[in-house]
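Participant: Next up is a structure, given as C-alpha cells.
Each value in this text was obtained by applying a stated rule to the coordinates, not by laboratory testing. Nothing here was measured: the structure is a model prediction, and the numbers come from that model. Cβ atoms come from the backbone with ideal geometry, glycine included; neighbour counts cover every protein chain shown.
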Amino acid sequence: MTNDSESLTRLRVTVFLVSLVTISVELALMRELALRFWEHLAWLIISIALLGFGVSGTILLLLQRLSSLTLPMMRHLSLLGLSLSIPLSLGLGHAVDLDLVQMVWQPTQFLRIGLLQMVFTLPFIFSGMYIGLALQDDPERVPGHYGASFIGSGLGGILVLPTLFLIPPRPIMLGCAVLILVASFVGVRGAARIAGGLGAGLLLAVMFWHLPHSTQIADDKDLPQLMAMPGSEIVANRSGPHGL
C-alpha cells in the first residue's frame with residue numbers, strides 16, 4: 001500500500017468516525033436534555049446541530065484567509081476541538097441555571113435557552129469543520145469521503161439507540177470524546193501535534209474527573225419532587241431511549 005493510499009484510508013476512516021460520533025452525540029444529547037428538563041428542549045438539538053455545521057463553514061473561511069495553518073493541521077485541531085468540546089459543552093450546559101416553569105414570569109429564561117443552544121453548538125462546529133476540511137480534498141476522492149460520512153452517520157444512529165438501553169446518555173458522549181481523541185493520534189507526525197494531542201488528553205482527563213457522569217434532573221420535574229418526600233427511595237433504575 002502506498003503512502004497516498006494509506007493517507008486516503010486514514011482520512012476516510014476518520015471521516016467515518018467523526019460522522020458516527022456526531023450522530024451519536026446528537027441523539028444522546030437529545031436524551032440528556034429530555035431527562036434533565038422536558039422533551040420540548042430535546043428537539044432543539046436538531047437545529048443546534050445544523051447551526052453548528054453552518055457556523056463551521058464561516059469559521060473555516062476565516063481561518064483559511066487569516067491564518068497560515070495547513071489543511072492537515074486544521075484537521076488535527078478540529079479533531080482535538082471535537083474531543084474536548086463534548087465534555088466542555090456538558091459542563092457549561094450544567095452551569096446554565098434554566099427553569100422552564102418560570103419562563104412565563106421571567107423572560108430572561110429565554111436568554112438562558114439561547115445560551116444553552118450556544119454551548120451545545122460547540123461539538124457540531126468542530127465536527128462540521130473536520131468534514132468540511134475533508135471535502136476540500138482532490139475532487140476525484142470526495143465521493144468516497146461522502147460515502148464514509150453517510151455510512152458513519154447511519155451506523156451511529158443505528159447503534160446509539162440500543163446502546164441507550166444499556167448506558168445512560170452522558171457516558172455515551174464521554175466515550176465518543178475518547179474515541180475522537182484516539183483517532184486524532186492515528187498517523188500523526190511531528191512533535192507539535194503529538195504534544196497537542198497529549199495536552200488535549202490531559203485536559204480531557206481533568207474534565208472527566210470534575211464532570212458528573214449522570215444527568216442532573218431539574219428540580220421542577222416529578223422525580224426530584226417525589227424524592228424530596230419523607231421515606232422516598234429508589235428501588236429500581238432503568239434507562240432507555242424513552243426515559244429513565
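Participant: How many residues does region 123-146 contain that are part of a helix (DSSP H, G or I), under 15 Å from residue 16 (Cα atoms) and either β-branched (Val, Ile, Thr) or free of Cβ contacts under 8 Å to residues at least 24 places away in the same chain (or both)?
Facilitator: Total satisfying the criteria: 4.
Participant: Another question, then. Just checking, how many residues over region 39-72 are assigned to a helix (DSSP H, G or I), within 15 Å of residue 132 (Cβ to Cβ) and either among the aliphatic types (A, V, I, L, M) or free of Cβ contacts under 8 Å to residues at least 60 places away in the same chain (or both)? Please lay out each step first, then the result.
Facilitator: So the first thing to find is which residues in region 39-72 are assigned to a helix (DSSP H, G or I), and the list is 39-42, 44-66, 71-72.
Now drop any that are not within 15 Å of residue 132 (Cβ to Cβ), which leaves 49-65, 71-72.
Still in the list and also either among the aliphatic types (A, V, I, L, M) or free of Cβ contacts under 8 Å to residues at least 60 places away in the same chain (or both): 49-51, 55, 58-65, 71-72.
Qualifying residue count, region 39-72: 14.
Participant: Out of all the residues in region 142-149, is one or more more than 23 Å from residue 54 (Cβ to Cβ) and of a type in the set (Val, Ile, Thr)?
Facilitator: No - not one qualifying residue is present in region 142-149.
Participant: I need a count of the residues in region 136-153 that are buried (at least 17 other Cβ atoms within 10 Å of the Cβ) and of a type in the set (S, T, N, Q).
Facilitator: The qualifying residues number 2.
Participant: To continue, here is another question. Among the residues that make up region 159-177, is at least one of them closer than 24 Å to residue 75 by Cβ, among the β-branched types (Val, Ile, Thr), in contact (Cβ under 8 Å) with a residue 40 or more places away in the chain and assigned to a helix (DSSP H, G or I)?
Facilitator: Filtering region 159-177 down to residues closer than 24 Å to residue 75 by Cβ leaves 173-177.
Narrowing the set further to residues that are among the β-branched types (Val, Ile, Thr) leaves none.
Within region 159-177, not a single residue is closer than 24 Å to residue 75 by Cβ, among the β-branched types (Val, Ile, Thr), in contact (Cβ under 8 Å) with a residue 40 or more places away in the chain and assigned to a helix (DSSP H, G or I).
Participant: Okay, next question. If I go through region 64-93 residue by residue, how many of them are loosely packed, with under 15 Cβ neighbours inside 10 Å and over 13 Å from the mean Cα position of the chain (by Cα)? Give the derivation first.
Facilitator: Filtering region 64-93 down to residues loosely packed, with under 15 Cβ neighbours inside 10 Å leaves 64-71, 91.
From the residues that got through so far, the ones that are over 13 Å from the mean Cα position of the chain (by Cα) too are 64-71.
Total satisfying the criteria: 8.
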